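Here the structure comes first, spelled out in structure tokens, and everything after it is commentary.
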DNA sequence: AACTTCACG
DNA sequence: GACGTACGTGAAGTTC
């Protein structure tokens, strides 16, 4: 039947169905093979319910499910940040996408998508065509972006709420009729799709304005007449942006379509095809239901795996057995394994290399695992035996050519429909990136463990395998040895390497199968998917970019330090009366406390005197009592400072300058710190000196490349701002809103000193207390830090609690929460386990303070992680590169002259990083600097 | 490998 | 009443 008068077209918004299904259901997997299938199951149930409900008097004559296709549309050309806020599609949803199309066809409903066009535009076009042909249209969706189409024979239907959306419902939502919806949307913007709109104007105000002026163009033309000065200025200043927003929200009713309305005529499902599909998906209930409806025989259920699995050793899962692992020697065999990965939609991957340093490591082999126990190792760079001193090692036989192997691996490793599962994938990501392969989508068992179990244990493969599989993997030491006799992995014989390497991939896959369903149960999915996994490519790019370090500057400093140290050592020997190893705390302690007779030396658990800086500082004040010791202590303090700078910074950093890039490439561990912070290693670039004048000069060696500038942005007082928000401290929040000096404001509040009479001494004390609170304050700790009597310190704390009562409540509530749940949580839902909270003795004190600190430090970590993940898209066109993260600071390199543009873009990302999930009651403020070196930029 | 010290936020 | 204590990290050097 040709579409025409009296016809009724149903248009189903496919993506809406899929996302609703995905989020409504736990992460189901197909029983026989673990294929993620939850969204497909929900989608099929919704389609079936739709078909059943759509029968009867007002039944459609034509219907189609419309899907989005491709990520780049004309809207991206108009505005490159369109939908830039969107989180990446969850990795376990991606492989389900093609299956939803298949499901639609199995139900014998027209399934349409058009490369480069959003489903919404296709729906707009079809609705127009149907109206013009004299028919009626129902759009099955509750998406507000489609509401502009309502009216004149077009209505929407919210399948979840079973509610028709007509002109009245649209007006209730937008405050205007369907024909003015786009005007309101243009003004109000949309954070989900990243439509800018007019700042400060929401739907309510927008509707008010449109109703007053009639339409958007009139409003913009007569903006001068608006009474409210701020609103008037906003509209005048942002007219272009508002017009752009309107273009973005307006659906295109002229999308070219490769089919016609007539093609969408309702068809009865082909029973066998439908049952075949549902059965293959192993949807038992739905298969039975559909079979009953059609009076058909349900097909025999596919063979199911053994009954419900025990947590440790699943009965259908034999223990890893290295004898079963396969060694891939040629292209045909590799193709077979890759085909298996394609068929399933996932593969566990692990690389073997010659070094733990990803920037210097050479690829030696790749292991793959498809199913528990089915793993293979692909040797690529093994050498024979030990070779001789003159590099006589030769390439081992029976290995595929590296180039050929990589060219076969690349399409699979980059295939968006195949999940690549790894343990610590940032490592493998970088190794492959250096061979021109950008691995994705990714799943990482280390990060899954971190998201679920932070605070309980570390997240290395050995720990996870032991705890969750009850299996101890082959120790790497058995292959490469340890200490002086250690060799690189390429020297290991291929058969031995196969047993070890394939096992790692096998274990990774097994861990993934256990962790995946557990993520939801542990409420860790959101953190994992929004803050851990997306960080992998971001950090990998930062690490590979590296930061330019001028080794000559460092070398000169080293020499100067060496001279100064030698001078000090001479002087020290003289004062001490005997030369000794100044670097030995033990020898120093004996000289100070035994030979020179300083009183009050305290021995630690090893029986040695403590000689930390605080002890030496006290001794250095004893000029009158023991001038010799005072002089010695003071000299050693100087020596230690220089020694530290030299050994840890000026000397060590030089060895980290990469010979080819001339830059230093640190490595960030994502799952190292319990609170969600990153940690930087090899070298640690998060503790480059800054507090002392001499130390700060080391930052002069961190320089911009030729023609480039270093830019640094850091959050101002982020932890105190978070504290003010979570503990609900009205005075502190007000101080932040007013942009006051927070420590001075605290001091004023506590000591009743007006701000204009504040002294630096009072402010210093308030600052110490502010930090103390973040750390889980104690009278003892504050007393030691401020060097005041304990009683006095306790008095300060009491007064602080009195003036900021929210603090006490926050601390008590947090500790009580930790005791009850054995974990604490950040604003963003990151959980940090606190098993020690139940301990007795001093450990309980530690655990308490850690529990108080974790939500604050953790939320700050969440915020900068979120900023970092959004950063690459925001700065890619400048062009600029993000190089380093130091907890509350991000360091960039940008072309000279583009620094201001970078600061504007990066600041906006950082200050808005809590949104949209969290609206803080204090503003986030970011300070910025720029210069030729880190010293200048900070 | 453990301990001490000290650099950072 | 005593115990011990600020939170989170990584690296270098000494000692065992």
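The values are calculated or read from the model by the stated rules, or taken from the named source; none is laboratory data. The structure displayed is predicted, hence computed values, not measured ones. Please note: Cβ atoms are built from the backbone with ideal geometry, for glycine as well, and neighbour counts cover all protein chains shown.
Would you mind stating whether residue A:740 is within 16 Å of DNA strand C (Cβ to nearest atom), outside the structural domain of residue A:446 (by TED's automatic domain parsing), more than 19 Å from residue A:857 (Cβ to Cβ) and in a loop (DSSP other than H, G, I, E, B)? So residue A:740 does not fit the description; no. Provide a single number: the residues in the range A:154-168 that are under 28 Å from residue A:269 (Cβ atoms) and either at pLDDT 95 or above or in contact with a strand residue (DSSP E or B) (Cβ under 9 Å, 6 or more places away or on another chain) (or both). Residues in the range A:154-168 being under 28 Å from residue A:269 (Cβ atoms) and either at pLDDT 95 or above or in contact with a strand residue (DSSP E or B) (Cβ under 9 Å, 6 or more places away or on another chain) (or both): 9 in total.
If only residues of the range A:830-850 that are in contact (Cβ under 8 Å) with a residue 40 or more places away in the chain and in contact with a helix residue (DSSP H, G or I) (Cβ under 6 Å, 6 or more places away or on another chain) are counted, the one that is surrounded by the most Cβ atoms within 10 Å (Cβ to Cβ) is A:830.
Of the residues A:106, A:127, the single one that is crowded, with 22+ Cβ neighbours inside 10 Å, touching a residue at least 60 places away in the same chain (Cβ under 8 Å) and more than 29 Å from residue A:272 (Cα to Cα) is A:127.
When the range A:896-918 is filtered for residues that are modelled with pLDDT of 95 or more, in contact with a helix residue (DSSP H, G or I) (Cβ under 9 Å, 6 or more places away or on another chain) and outside any helix (DSSP H, G or I), the ones remaining, listed by number, are A:912, A:913, A:914. For the range A:577-591, taking the residues that are more than 16 Å from residue A:640 (Cα to Cα) and outside any loop (DSSP other than H, G, I, E, B), the one that is nearest to DNA strand C (Cβ to nearest atom) is identified as A:590. Cβ-Cβ distances below 8 Å connect the following pairs, each with a first residue in the range A:856-867 that is more than 23 Å from residue A:537 (Cβ to Cβ), a second residue that is within 10 Å of DNA strand B (Cβ to nearest atom) and part of a helix (DSSP H, G or I), and a separation of six or more residues or different chains: A:856/A:719; A:856/A:774; A:857/A:719; A:857/A:774. Residues in the range A:831-850 that are within 16 Å of DNA strand B (Cβ to nearest atom) and under 17 Å from residue A:449 (Cα atoms): A:832 alone. Applying the condition of being in a loop (DSSP other than H, G, I, E, B) and more than 12 Å from DNA strand C (Cβ to nearest atom) to the range A:666-693 and asking which residue is farthest from residue A:444 (Cα to Cα) yields A:692. At least 2 residues being farther than 30 Å from residue A:280 by Cα, at pLDDT 95 or above and in contact with a strand residue (DSSP E or B) (Cβ under 7 Å, 6 or more places away or on another chain) is the threshold, and among the strands (runs of 3 or more DSSP E) wholly inside the range A:343-455 those reaching it are A:346-353, A:363-371, A:374-379. Would you confirm, using the coordinates I've provided, whether residue A:539 is assigned to a helix (DSSP H, G or I) and farther than 30 Å from residue A:862 by Cα? Answer is no for this residue. Here A:478, A:503 are screened, and the one residue that is surrounded by fewer than 17 Cβ atoms within 10 Å (Cβ to Cβ) and part of a helix (DSSP H, G or I) is A:478. Among residues that are assigned by TED's automatic domain parsing to the domain that holds residue A:686, closer than 30 Å to residue A:816 by Cβ, surrounded by fewer than 23 Cβ atoms within 10 Å (Cβ to Cβ) and away from DNA strand B (no atom under 13 Å from the Cβ), residue A:914 is included.
Inside the range A:594-628, residues that are at positive phi and within 16 Å of DNA strand C (Cβ to nearest atom) make up a count of 2.
Would you confirm, using the coordinates I've provided, whether residue A:537 is modelled with pLDDT under 95 and crowded, with 16+ Cβ neighbours inside 10 Å? The answer is no for residue A:537. Scanning the range A:694-716 for residues that are within 16 Å of DNA strand C (Cβ to nearest atom), surrounded by fewer than 22 Cβ atoms within 10 Å (Cβ to Cβ) and either within 28 Å of the chain's Cα centre (by Cα) or outside the structural domain of residue A:914 (by TED's automatic domain parsing) (or both) turns up just one, A:714.
Can you confirm whether the range A:926-937 contains a residue that is at pLDDT below 95 and closer than 23 Å to residue A:87 by Cβ?
No, the range A:926-937 contains no residue that is at pLDDT below 95 and closer than 23 Å to residue A:87 by Cβ.
Set side by side, the residues A:644, A:631 differ, and just one is more than 13 Å from DNA strand C (Cβ to nearest atom) and touching a helix residue (DSSP H, G or I) at 6+ places or on another chain (Cβ under 9 Å), which is A:631. Can you tell me which residues in the range A:647-665 are out of contact with any helix residue (DSSP H, G or I) (no Cβ under 6 Å at 6 or more places or on another chain), closer than 30 Å to residue A:865 by Cα and either within 11 Å of DNA strand C (Cβ to nearest atom) or part of a helix (DSSP H, G or I) (or both)? Across the range A:647-665, the qualifying residues are A:648, A:652, A:655, A:656. Only one entry in A:18, A:51 is crowded, with 17+ Cβ neighbours inside 10 Å, touching a helix residue (DSSP H, G or I) at 6+ places or on another chain (Cβ under 8 Å) and in the same structural domain as residue A:252 (by TED's automatic domain parsing), namely A:18.
Rundown of residues vs (1) in the same structural domain as residue A:439 (by TED's automatic domain parsing); (2) away from DNA strand B (no atom under 16 Å from the Cβ); (3) free of Cβ contacts under 8 Å to residues at least 12 places away in the same chain, yes/no style:
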position: A:513; (1), (2), (3): yes, yes, no
position: A:526; (1), (2), (3): no, yes, no
position: A:533; (1), (2), (3): no, yes, no
position: A:554; (1), (2), (3): no, no, no
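When restricted to residues that are over 29 Å from residue A:824 (Cα atoms) and surrounded by fewer than 22 Cβ atoms within 10 Å (Cβ to Cβ), the range A:726-749 contains 7. When you scan the range A:711-734, do you find a residue that is more than 15 Å from DNA strand B (Cβ to nearest atom), touching a residue at least 12 places away in the same chain (Cβ under 8 Å), in contact with a strand residue (DSSP E or B) (Cβ under 9 Å, 6 or more places away or on another chain) and not in a loop (DSSP other than H, G, I, E, B), even just one? Yes, that holds for at least one residue. Among the residues of the range A:574-602, those that are in contact with a helix residue (DSSP H, G or I) (Cβ under 7 Å, 6 or more places away or on another chain) and surrounded by 12 or more Cβ atoms within 10 Å (Cβ to Cβ) comprise A:575, A:576, A:580, A:582, A:583, A:588, A:591, A:592, A:596, A:598, A:601. Taking the conditions exactly as written (surrounded by 20 or more Cβ atoms within 10 Å (Cβ to Cβ), away from DNA strand B (no atom under 11 Å from the Cβ) and at pLDDT 95 or above), does residue A:680 satisfy them or not? Answer is no for this residue.
Can you tell me how many residues within the range A:745-777 are outside any helix (DSSP H, G or I) and touching a residue at least 24 places away in the same chain (Cβ under 8 Å)?
2
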